[in-house]
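The next block holds one structure in the form of structure tokens; read it before the comments.
The values are calculated or read from the model by the stated rules, or taken from the named source; none is laboratory data. As the structure is a computational prediction, the values presented were derived from the model and not from experiment. All accessible areas refer to the heavy atoms of the entire protein, side chains included, with ligands and DNA or RNA removed. Shrake-Rupley method; radii C 1.70, N 1.55, O 1.52, S 1.80 Å.
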Amino acid sequence: MEKHTPDSLVVIGGDCLVSLAPFSWLLEKYKDKLGILWIDSHPDVQTPKEYKNAHAHVLGELMGNGDSDFTRTVKHPVSPQKIMIAGIHDPLPYEANFISEHKIQTCSPEQVRSGAQPVLDWIKNEKIEYLAIHIDLDVLDPHNFRSVLFAKPGRGQHDFGDVAEGKLNIPDVVKLANQTASISKAIGLTIAEYLPWDALNLKNMLEELPLIVK
């Protein structure tokens, strides 16, 4: 990014932490003209105190809240008013309190499917000229899109700590992204948390078959 100084960025792959550097770059470049649309079942505002893995901290870090090893890389933290979390439901108590205290706007899966009016109103009311869109694939229903953590074969009902699981489908997410990009210029897109269980299992199977294994 420092070498090429791009006006826009697309990042595909990795966990949600991949949004930190590109969105930090875009925030420094576009400042308060930029809004962040966080399409995710989870708000990712936890800190190491609540959860050790940094992929659950990212949006909070972009606000300047969290581990200093990460927050010091964010030169222009995003204000809470410039954030919209879409697809979120059933946040954990800490997450719900954080969202409430910072007055972060949200749009439920049901609202997304029915037209995402809260998102469109947010763009208009906050005068969002540019948009950075984060898509965590676990916002998708794991019964319909199988390449996410929650679709792990053989999983138990409580294996993932009873956190929210996705309720949207691919057409919902595509429609939302295009709706918002039609009224605010999309200059950032990150797609994270792809976990192709079938491909991994096939790889493991191939490694054990005759004529393939040396």
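Averaged over every viewing direction, what's the projected area of the C-alpha convex hull for the stretch 1-43? Give it in nm², one decimal, please. Reported value for the Cα convex hull: 3.6 nm².
Taking N as the residue count of the stretch 44-163, its C-alpha radius of gyration divided by 2.2 N^0.38 Å amounts to 1.14. Secondary structure note: in the chain, about 0% of the DSSP beta bridges are antiparallel.
Annotation: Arg146 carries an accessible surface of approximately 120 Å², with a 1.4 Å probe and no ligand, DNA or RNA atoms counted. When the surface is traced with a 1.4 Å probe over the full set of protein chains, Glu165 keeps roughly 50 Å² accessible. Which shape class applies to the stretch 15-86: rounded if a/c is under 1.5, otherwise prolate when a/b exceeds b/c and oblate if not, where a ≥ b ≥ c are the square roots of the Cα gyration tensor eigenvalues? The shape class here is oblate.
If the cut-off is a Cα-Cα distance under 17 Å, which aspartates and glutamates reach Lys3, setting aside same-chain residues fewer than 8 apart in sequence? Correct list for Lys3: Glu28. Across the chain, the convex hull enclosing all Cα atoms gives 154 Å³ per residue. Solvent-accessible area of the chain (1.4 angstrom probe, protein heavy atoms only): carbon and sulfur portion equals 54 percent.
Per residue, the accessible area of the chain comes to 53 Å² when a 1.4 Å probe rolls over the protein heavy atoms.
Pairs from the table (Lys152/Lys175; Lys31/Lys127; Lys31/Lys52; Lys31/Lys82; Lys52/Lys152) lying more than 19 angstrom apart at Cα are Lys152/Lys175; Lys31/Lys52; Lys52/Lys152.
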